[in-house]
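Below is one structure; the comments refer to it alone.
Derivation of every value follows stated rules applied to the coordinates shown; laboratory data play no part. Every value quoted in this text rests on a predicted model; they were computed, and no experiment measured them. A quick note on method: Cβ atoms are made from the backbone with ideal geometry, for glycine too, and the neighbour counts reach across all protein chains shown.
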Amino acid sequence: MFVSNIFVSSFQFRVGGEIGWIKPIGNESETYNEWAARNRFHIGDTLYFKYKGDSVLEVTPANYLNCNTTSPISKFENGETIYKISHPGFFYFISGQKNNCKFGQRIIIRVMHPSEISSPASAPEISPSPAVGGGGGDGGDGWGSDFLGPPAINSTTVLSVFSCFVTALGGVMVFLYLLM
């Protein structure tokens with residue numbers, strides 16, 4: 001008899017955090033794509049877009065690069081969009097207002113393929129992160145006594161860095177295109 005335990009969980013990500021889906025004004029701590037790069041999106045997760053006087057467009061990669069709002073894959077205008085991720089790959093979202101997109105109100109979401117996810121049974125045990133400001137009874141250096149150094153770079157990290165690089169390169173290309 002074969003028995004398999006599958007642990008399935010999903011998470012709702014609020015795009016833009018507390019401020020929501022808005023046109024960047026230049027003093028943000030991170031861009032939408034920087035935020036996306038430090039998160040891991042899985043099939044079944046949802047993206048929550050909260051906005052006013054705007055819309056969210058799911059678009060093709062070409063329309064993403066050109067901030068083309070005329071032929072979206074999907075258009076959402078209700079002010080509180082919940083988008084359920086249904087398959088692995090890349091998803092491209094832009095503001096429905098072309099100028100907002102040009103100012104950086106756009107995001108690429110990379111959804112991990114199930115083969116990239118380690119099961120809870122095979123996941124490595126991770127030591128606790130350092131306490132902010134030191135302390136914790138560990139000699140005052142802020143690290144637990146069982147700390148073995150930073151984790152090794154894995155394929156997910158490499159892919160995330162590459163994804164950030166490609167996104168930044170695309171942004172530079174769009175910027176240069178707009179200057180022409």
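Amide H to amide H, with H built 1.01 Å from N, Thr60 comes under 5 Å of Ile73, counting only residues 5 or more places away or on other chains. What ³J(HN,Hα) values, in whole Hz, does the Karplus curve 6.51 cos²θ - 1.76 cosθ + 1.60 give for segment 55-67 when θ = phi - 60°, with x put for Gly and Pro? With the stated coefficients, segment 55-67 comes to 8, 10, 10, 8, 9, 6, x, 5, 5, 4, 4, 9, 6 Hz.
Could you calculate the FRET efficiency of Ser10 with Glu30 from 1/(1 + (r/R0)^6), where r is the beta carbon distance between them and R0 is 25 Å, rounded to 0.05?
Computed FRET efficiency for Ser10 and Glu30: 0.60.
Taking a straight Cα-Cα cut-off under 16 Å and skipping sequence neighbours fewer than 8 places away in the same chain, the lysines within cross-link reach of Lys52 are Lys23, Lys75, Lys98. Here the Karplus relation 6.51 cos²θ - 1.76 cosθ + 1.60, evaluated at θ = phi - 60°, turns the backbone of segment 107-115 into coupling constants of 8, 10, 10, 9, 9, 5, 6, x, 5 Hz, with x for every Gly and Pro.
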